[in-house]
Amino acid sequence: MTKVTALRDFSDTDFNPFIEEALFFGDHDDPYAVLAELRSKNAAMEGDWRAVMGLSPDITHPPQARHFMILSYDEVGKALQSPQIFSNKAYTFNLGASFGRSVSTMDAPEHPRFRKIFQKIFLPQYVKSWGSSIVDPVVRELMADFLPAGRADLVRQFTLHYPFGVIYRQLDLPPEEGKVFHKLAVAQMLISFDREHGAEAAANLGEYFPELIAQRRKNPGDDLVSMLAAAEVDGEYLPEDVLVAFLRQLINAAGDTTYRATSVLLTKLLQNPDQLEMLRKDRSLLLNAIEEALRFEGPVLEQPRWSTQDTEVAGVKIPAGSIVHVMAGAANRDPAKFADPDRFDITRANASRHFSFSAGPHLCLGQHLARVEMTRAMTAILDCLHNLRLDPDMPPPRIQGAMMRVPRELHVRFDPA
Ligand code: HEM
């Protein structure tokens, strides 16, 4: 097979997007207290969530646009289900600037035309089979490195790497370029904050993927790039800009979010050892524990939208051309929907009614894969890490962030294998 030209790293090879990313998403311990206070005043109000949390503004947003927040469970649900009023054009400024023509930036009729192609690949029946063929080997390989030690930082040694490892294998990308891919995948999100590095990451990937697509068309394999390169819409290949945008988005969305969600689930279980023990004894609780972690600390706190017309939410007038911060994080802790919402409870009956995968036409396309990955990762941890507990000699984990949430470290002890 002809080799594709190597992926270009940042011109400053020491640039570390993982550090800068933390500055962009914030280091707040408890944005939920702020969201609860806002929501208690009204289900919607004028304001920019980033400004409320003391973060620098998104530099890609049109400066003249007004900002509004939607905060209650019912109003968040209605907004996400009303794409004709609350459009995904909001993403054209930031994600669109790095990914390009991604499905996240599209509205109907363009959006369903392309989404139906991508959706097919991530249907539960396909995704399920990746559990043993792809997810398990990635999980086991990473765990083998720390099993004998009896201690680990489960974030830096495990959760940060395994979802990225999974999508990387699905795309069948060269193993020696994994580190550069991971950096560029994450750095694309920095466009809202550090235009130079965000644009450089997107440009380097944009240079690489067309060559890869051409190569896989010539020599197809059973990987996702080959499948997407062969996919057709209305009798023609997918437009190259749409395909490249999807690949750019995929390596970011698939790696970053599941890493956060698994890290949060592990942290909450370790902070609530009675619930960890309950889960050990009854594995049938695992699916609900995953949903509860997604509800309690969904990795993505807000879904931005653009108002296409003058509208009104909970008595607040929103003019056309506003940025609307639809706060899934506030909805997921709304006491009108979830009893005792600030309690983490893996037996909660309606845990899965969260908006952490969004709702409406842009509902997360990778949600089935995310659940398979988290189930496999947790199963391996419960099977192999006996007597798992927080490391008393290390700093306790802190879940941080105002936009995206994650603990940056999770030090644990267990019986060495
Ligand atoms: C726990 C893990 C995950 C979470 C919490 C998550 C969250 C989300 C959310 C909130 C959205 C919608 C944003 C909006 O409405 O504005 C979304 C969309 C999307 N996600 Fe995920 N995601 C996860 C995993 C994944 C994975 C594993 C993949 C890839 C296989 C993926 C691919 C996508 C894509 C392509 C979209 C765009 C869909 C569209 O606009 O039609 N996600 N995700």
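Within this structure, E207 fails the test of being among the acidic types (D, E) and either modelled with pLDDT under 95 or not in a helix (DSSP H, G or I) (or both).
Tell me, yes or no, whether segment 187-203 has at least one residue that is assigned to a helix (DSSP H, G or I), basic (K, R) and at pLDDT 95 or above. Can you show your working first?
Of the residues in segment 187-203, the ones assigned to a helix (DSSP H, G or I) are 187-192, 195-203.
From what's left, basic (K, R): 195.
Adding the requirement that they be at pLDDT 95 or above leaves none.
Checked against the condition, which is being assigned to a helix (DSSP H, G or I), basic (K, R) and at pLDDT 95 or above, segment 187-203 yields no hits at all.
Looking only at residues in segment 88-100 that are part of a loop (DSSP other than H, G, I, E, B) and more than 9 Å from the ligand (Cβ to nearest atom), the one that is farthest from Q249 (Cα to Cα) is K89. Could you tell me whether segment 19-29 includes any residue that is within 28 Å of D334 (Cβ to Cβ), open to solvent by 60 Å² or more (accessible area, probe 1.4 Å) and within 23 Å of the chain's Cα centre (by Cα)? Among the residues of segment 19-29, at least one is within 28 Å of D334 (Cβ to Cβ), open to solvent by 60 Å² or more (accessible area, probe 1.4 Å) and within 23 Å of the chain's Cα centre (by Cα), which makes the answer yes. In segment 174-194, what residues are open to solvent by 10 Å² or more (accessible area, probe 1.4 Å), of a type outside the set (V, I, T) and more than 18 Å from R101 (Cα to Cα)? Scanning segment 174-194 gives P174, P175, E176, E177, G178, K179, H182, K183, F193, D194. Of all residues in segment 377-417, those being more than 24 Å from the chain's Cα centre (by Cα) and polar (S, T, N, Q) number 1. With respect to the conditions (1) free of Cβ contacts under 8 Å to residues at least 24 places away in the same chain; (2) surrounded by 18 or more Cβ atoms within 10 Å (Cβ to Cβ), D282 lacks only one, and its number is (2).
Just to be sure before I move on: is A152 closer than 22 Å to V135 by Cβ, of a type in the set (A, V, I, L, M) and buried (at least 24 other Cβ atoms within 10 Å of the Cβ) in the structure I sent? Step through it out loud before you land on a result.
On the way: closer than 22 Å to V135 by Cβ: yes; of a type in the set (A, V, I, L, M): yes; buried (at least 24 other Cβ atoms within 10 Å of the Cβ): no.
No: the conditions fail for A152.
Evaluation of F338 against the conditions (1) surrounded by fewer than 21 Cβ atoms within 10 Å (Cβ to Cβ); (2) more than 22 Å from the chain's Cα centre (by Cα) shows that the sole unmet condition is (1).
The residue that is farthest from A202 (Cα to Cα), counting only those in segment 217-245 that are among the charged types (D, E, K, R) and assigned to a loop (DSSP other than H, G, I, E, B), is D234. Restricting A289, A320, A293 to those that are touching an Asp or Glu at 6+ places or on another chain (Cβ under 6 Å) and among the aliphatic types (A, V, I, L, M) reduces the list to A320.
Conditions tested, residue by residue: (1) open to solvent by less than 60 Å² (accessible area, probe 1.4 Å); (2) part of a loop (DSSP other than H, G, I, E, B).
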position	(1), (2)
A370	yes, no
A377	yes, no
A380	yes, no
N387	no, yes
P392	no, yes
P395	no, yes
A402	yes, yes
E409	no, yes
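Here the condition is being closer than 14 Å to M327 by Cα and without any contact (Cβ under 8 Å) to a residue 40 or more places away in the chain; of V52, V76, it holds for V52 alone. All conditions but one from (1) over 18 Å from R280 (Cα atoms); (2) in contact (Cβ under 8 Å) with a residue 60 or more places away in the chain apply to P341; the one that does not is (2).
Based on what the data block shows, is F86 surrounded by 14 or more Cβ atoms within 10 Å (Cβ to Cβ), farther than 28 Å from V406 by Cβ and aromatic (F, W, Y)? Break it down stepwise before answering.
Values: surrounded by 14 or more Cβ atoms within 10 Å (Cβ to Cβ): yes; farther than 28 Å from V406 by Cβ: no; aromatic (F, W, Y): yes.
For F86, the condition - surrounded by 14 or more Cβ atoms within 10 Å (Cβ to Cβ), farther than 28 Å from V406 by Cβ and aromatic (F, W, Y) - is not met.
Just checking, which of T105, T92 is at pLDDT 95 or above, open to solvent by 40 Å² or more (accessible area, probe 1.4 Å) and not basic (K, R)? It would help to see each step written out before you state the result.
Numbers: T105 fails: open to solvent by 40 Å² or more (accessible area, probe 1.4 Å).
That would be T92, the only listed residue that is at pLDDT 95 or above, open to solvent by 40 Å² or more (accessible area, probe 1.4 Å) and not basic (K, R).
For segment 228-259, residues that are within 10 Å of the ligand (Cβ to nearest atom), surrounded by fewer than 24 Cβ atoms within 10 Å (Cβ to Cβ) and more than 16 Å from F99 (Cα to Cα) total 2. When residues in segment 65-79 are screened for being crowded, with 22+ Cβ neighbours inside 10 Å and either within 19 Å of L205 (Cβ to Cβ) or touching a His at 6+ places or on another chain (Cβ under 8 Å) (or both), 3 of them pass.
The values are calculated or read from the model by the stated rules, or taken from the named source; none is laboratory data. Small disclaimer: the values here were computed from a predicted structure and weren't measured. For neighbour counting, all protein chains shown are included, and Cβ atoms are generated from backbone atoms with ideal geometry for every residue, glycine included. To get the accessible areas, we keep the full protein, side chains included, count just its heavy atoms, and leave off ligands, DNA and RNA. Shrake-Rupley method; radii C 1.70, N 1.55, O 1.52, S 1.80 Å.
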